[in-house]
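Comments concern the structure below.
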Amino acid sequence: MDADPPTERRISLHGEWSSRFAFILAVAGSAVGLGNVWKFPYIAGENGGGAFVLFYLLCVSLIGLPIMMAEILIGRRGRRNPVATMGLIGDEESGTSKWAIVGIVGIGAGILILSYYSVIAGWAFAYVWKGISGSFSGLDADAVGTLFGGLAGSALATGTWHTVFMVMTVAVVAKGVERGLEKAVRVLMPALIALLFVLLGYSMVAGDFAGAVEFMFAPRFSELTRDGALIALGHAFFTLSVGMGAVMAYGAYLPDEHSIGKTSMAIVAADTGIAMLAGLVIFPIVFANGLDPATGPGLVFQSLPLAFGQMPGGQIVAGGFFLLLTFAAWTSAISLMEPGVAWLIETLRVGRLVAAWALGLSIWLLGFLSVFSFNVLSDVTFLRGTFFDNLDYLTANIMLPLGGLAIVVFAGWIMSQNSTADEIDPGAGSSYRAWRFLARYIAPIAVILIFLNAIGLF
Ligand code: TRP
């Protein structure tokens, strides 16, 4: 760092990460979750594979990565919750604190996402016990479908697991995010990756691996629809946890001396790698068992148990896998809530305990719209489908890209070059210039074009 920094540095109100590695772990813990293992395979399956996957990878690297860097740099500069930070920096850079609205909409998006995220995470948790107790042993594709239908189709079961997961999430957020999270991610994320590699071995031997590789990586561009392109864009935001201020909130706790570019690239690479791995585990099982890749949100829960039911030691592997998936979802869920809680604490001046439980209660209640979408209200459909379908579409494919657009326009056009270079690279070297080019031109224009294309304007 310069001996004489150009602006006076602010100090975070909620503590700092103990190291760069701790920050990487926290953001990676946020990024890696159901998005990688549950959502990516099922939307890739619904949207024809190949071309969709390729387009998603482009969105991640050309749009998601620069936006992640923008969130971290804004967060670290403001060192407050996303609403206060956007207001503060907006005021400093352009004389208006109206940019705080971006933070408010982001907090809303986090609340909506968590309300259904928790329902799916509840299924993963439920499958821990099903796996350990041997419920998967010897099942065929039909029986696995029936087993999943029994869980999703029961409002009581799904609602109970949703409740358990929300309590787990609130319990951590109520204590303060830095404690515990670091340790959990440091051990559990490598364990999840290791287990995915074990399953990859199984899928290569026992599944239709060649068919899966072909499906995932051979682009058939005619199969990528206008809507599919928007879904790929939305998922780039969803899987990286960007567009709503979660990474901005974590960036607020990042010490000054750490490189934003390297950190972001490491996180994006890990997150993308895990999604690819999950696809290469799941699709060979799907194709070898004649399942439909376009099954929808139940895909992971209806494919992996077939493998667990056949492999030696399958009960342990199944229990371990779904437990690690639940943990991954947990660290993501925490990051969906943290901006809202930090904002409540700072604006209403309530304690963390009160803020976390009050917000958690509202999210839990809202979650029942998604719980019921798979059973008692499964016939109530409008626009995109059930409440769950609409909530997912609205948040991931509309709110996150628009939030991300605002954030990247703010960092690229509203903030001065001095301010952003100061955070990313005070020497304004080539990596800074690459970021600035992506942030000013490529990312905003691409987001706008994909939107216009989705509504059929060209
Ligand atoms: N990225 C997480 C996943 O892939 C979900 C998530 C956590 C998220 N925090 C977020 C999505 C913030 C959008 C915004 O499972």
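The values are calculated or read from the model by the stated rules, or taken from the named source; none is laboratory data. Bear in mind that the values here come from a model prediction, so they are computed numbers and not experimental data. As a convention, Cβ positions derive from the backbone with ideal geometry for all residues, glycine included, and neighbour counts pool all protein chains shown.
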Inside the stretch 26-62, the number of residues satisfying the requirement of being modelled with pLDDT of 95 or more, within 13 Å of the ligand (Cβ to nearest atom) and either of a type in the set (A, V, I, L, M) or not in a helix (DSSP H, G or I) (or both) is 7
Which listed residue is within 16 Å of the ligand (Cβ to nearest atom) and under 22 Å from F327 (Cα atoms), from L192, L230:
L192
In the stretch 233-260, how many are of a type in the set (S, T, Y) and within 15 Å of the ligand (Cβ to nearest atom)?
3
Quick check on this structure: which one of W413, W364, W357 is modelled with pLDDT of 95 or more, over 25 Å from the mean Cα position of the chain (by Cα) and not acidic (D, E)?
W413
Between a first residue in the stretch 85-107 that is more than 13 Å from M248 (Cα to Cα) and in contact (Cβ under 8 Å) with a residue 60 or more places away in the chain and a second residue that is surrounded by fewer than 21 Cβ atoms within 10 Å (Cβ to Cβ) and of a type in the set (S, T, N, Q), which pairs have beta carbons less than 7 Å apart while being 6 or more apart in sequence or on different chains?
G90/T96; G90/S97; E93/S416; E93/S419
Given (1) assigned to a loop (DSSP other than H, G, I, E, B); (2) within 13 Å of the ligand (Cβ to nearest atom); (3) surrounded by fewer than 21 Cβ atoms within 10 Å (Cβ to Cβ), number of the condition A270 does not satisfy:
(1)
Checked A396, A446 against criteria (touching a His at 6+ places or on another chain (Cβ under 8 Å) and more than 20 Å from K262 (Cα to Cα)); the one match is A396
Tell me whether the stretch 116-128 contains one or more residues that are touching a residue at least 24 places away in the same chain (Cβ under 8 Å), under 25 Å from A252 (Cα atoms), touching a helix residue (DSSP H, G or I) at 6+ places or on another chain (Cβ under 9 Å) and polar (S, T, N, Q).
no
From the list S332, S264, S303, which residue is away from the ligand (no atom under 12 Å from the Cβ), within 15 Å of the chain's Cα centre (by Cα), at pLDDT 95 or above and of a type in the set (S, T, Y)?
S264
